[in-house]
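No value in this document is a laboratory result; all are computed from the given coordinates. Remember, it's a predicted structure, so these values are computed and weren't measured experimentally. Note that we place each Cβ from the backbone using ideal geometry, even for glycine, and neighbour counts take in every protein chain shown.
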Amino acid sequence: MTISSMNAPPAVPGGISHLAIVRLLVLAAALIAIVVATGLVSRFVVPASPADLHHNLLMLTNLSSSLALLLVYALTIRLMEHRSATEIDPIRGAPQFLVGAILGVVLISAVYAVLWGLHLTHYSAGTGTDGLIGGLVAMFCVAVLEELLLRAMLFRIVEDATGTTAAIAVSAVVFGLLHGLNPGATTISTIAIALEAGVLLAVAYAVTRNLWFAIGIHMAWNFTEGDVYGAQVSGGTASHSLFKIWLAGPNLLTGGTFGPEASVVAVGVCLFAAIVIGVMVVRRGNWQPARFQLRLA
């Protein structure tokens with residue numbers, strides 16, 4: 001034993017940063033701080049509509065916010081977990097993002113195909129291509145924020161502590177409850193969002209261990225639903241849309257004022273996709289067994 005080791009204070013095994021709850025709280029605080037900060041900056045930088053630069057500057061600040069969120073997440077992971085944030089690696093994630101985007105378009109289009117087959121849809125022209133790029137950027141930024149919070153942070157850390165099954169359940173419930181604050185939300189819409197999007201996006205992350213697959217699905221679903229088809233997206237309505245599709249029929253099938261995401265059709269389509277992806281998670285050996293540990297590696 002050397003003199004330096006005799007004088008050194010005893011090490012605390014793991015340290016406080018290895019506690020699951022600490023990682024959750026620190027990551028949440030860091031990401032929310034960026035959202036608040038960039039929101040305040042945009043109030044001073046982006047002129048009110050209909051100023052000429054409103055839309056361009058709004059897109060720029062939104063993209064800057066997303067980049068800041070990704071950088072802060074990566075830095076926090078480096079400081080707390082002493083590793084690179086491979087789950088947001090854009091190079092490995094680029095093809096997965098593309099596949100996810102295609103899947104998101106296919107899924108929401110399948111929902112509308114079923115509703116059309118049930119004679120519950122009425123089509124009309126929308127505002128055209130005006131505003132579509134801004135809508136795509138907005139949906140990308142929403143997807144980045146929500147996937148960082150719900151999948152990269154909540155799902156990943158809960159999974160490390162309790163296993164995949166519990167992590168899917170917890171993250172899906174929280175995702176549904178957060179959308180319960182949206183306009184037109186009901187108990188049914190909250191349950192629907194938890195089942196269709198909460199479960200689907202969780203297994204999308206689990207199958208790749210890269211966030212960009214889930215971001216692609218999330219972004220493309222929202223963009224196609226609102227900015228292409230002109231439907232409500234989680235209770236909100238896009239100001240521009242390529243088409244305008246009206247839904248008329250039982251709320252259980254159409255989703256009512258919350259939009260088709262609250263319909264049993266969307267739940268069925270997304271759960272089917274989630275089961276297929278879930279089987280892939282198991283076959284790849286990515287489904288982690290149940291456990292309970294507060295201190296993580």
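Modelled this way, with points 7 Å down the Cα-to-C-beta line, the labels at L294 and R209 are 2.8 nm from one another. From the coordinates of this entry, Rg and Dmax of the Cα atoms in Å is computed, and it appears in [x] 17.2, 51; [y] 21.0, 83; [z] 23.0, 75 under the label [y]. Ordering 249-256, 40-47, 149-156 by mean Cβ neighbour count within 10 Å, with the highest value first, yields 149-156, 249-256, 40-47.
Between V99 and S64, the simple label model (points 7 Å from Cα in the Cβ direction) yields a spacing of 3.5 nm.
For the pair R83 and T257, what calculated FRET efficiency results from E = 1/(1 + (r/R0)^6), where r is the Cβ-Cβ distance and R0 = 35 Å, to the nearest 0.05? Please report the intermediate quantities before stating the final value.
On the way: r = 45 Å, r/R0 = 1.27.
With R0 = 35 Å, the Cβ-Cβ based efficiency is 0.20.
Relative to the dominant Cα principal axis of the chain, helix 90-117 is inclined by about 30°. Taking the longest Cα principal axis of the chain as reference, the axis of helix 211-223 is set at about 20 degrees.
Helix 164-179 and the longest principal axis of the Cα set of the chain meet at an angle near 50°.
Based on the mean of other Cβ atoms within 10 Å per residue, sort peptides 230-237, 15-22, 139-146 so the most packed one is first.
Numbers: 230-237: 20.9, 15-22: 14.1, 139-146: 22.4.
Top of the packing list down: 139-146, 230-237, 15-22.
Within a Cβ distance under 12 Å of I108, other residues only, what is the Lys/Arg minus Asp/Glu net charge?
Within the 12 Å Cβ shell, the charges total -4.
The residues packed around V142, meaning those with a beta-carbon under 13 Å from its beta-carbon, carry a net charge of -4 if Lys and Arg are +1 and Asp and Glu are -1. Working from label points 7 Å from Cα in the Cα-to-Cβ sense, the A169 to I16 distance is 3.1 nm.
State, as an integer percentage, the relative contact order of segment 15-84 based on alpha-carbon contacts under 8 Å between residues 6 or more apart. Computed value for segment 15-84: 39 percent relative contact order.
Working from the alpha-carbon coordinates of segment 178-250, get Rg over Rh, Rh being the Kirkwood radius. All intermediate terms of the calculation are to be shown ahead of the outcome.
Working: Rg = 13.5 Å, Rh = 13.4 Å.
Computed over Cα atoms, the ratio is 1.01.
Please report Rg over Rh for segment 15-84, where both radii come from the alpha carbon positions and Rh follows the Kirkwood definition. All intermediate terms of the calculation are to be shown ahead of the outcome.
Working: Rg = 15.7 Å, Rh = 13.5 Å.
That ratio equals 1.16.
Grab the other residues whose beta carbon is less than 11 angstrom from that of F213, score K and R as +1, D and E as -1, and report the net. Surrounding charge for F213 is +1. Treating r as the C-beta distance of K244 and R283 and R0 as 30 Å, the FRET efficiency rounds to 0.10. Helices in the chain, meaning DSSP H runs of at least 4 residues, each add -39500 (n - 2.57). Divided by all residues, the mean residue ellipticity at 222 nm is -20000 deg cm²/dmol.
Report the gain in length on full extension from N56 to V276: 0.36 nm times residue separation, minus Cα-Cα distance, nm rounded to one decimal.
Taking N56 through V276 to full extension adds about 75.2 nm, to one decimal.
If packing is taken as the mean number of other Cβ atoms within 10 Å per residue, what is the order of 84-90, 215-221, highest first? Intermediate values should be presented prior to the final figure.
Details: 84-90: 15.7, 215-221: 28.3.
Ranking, from highest mean packing down: 215-221, 84-90.
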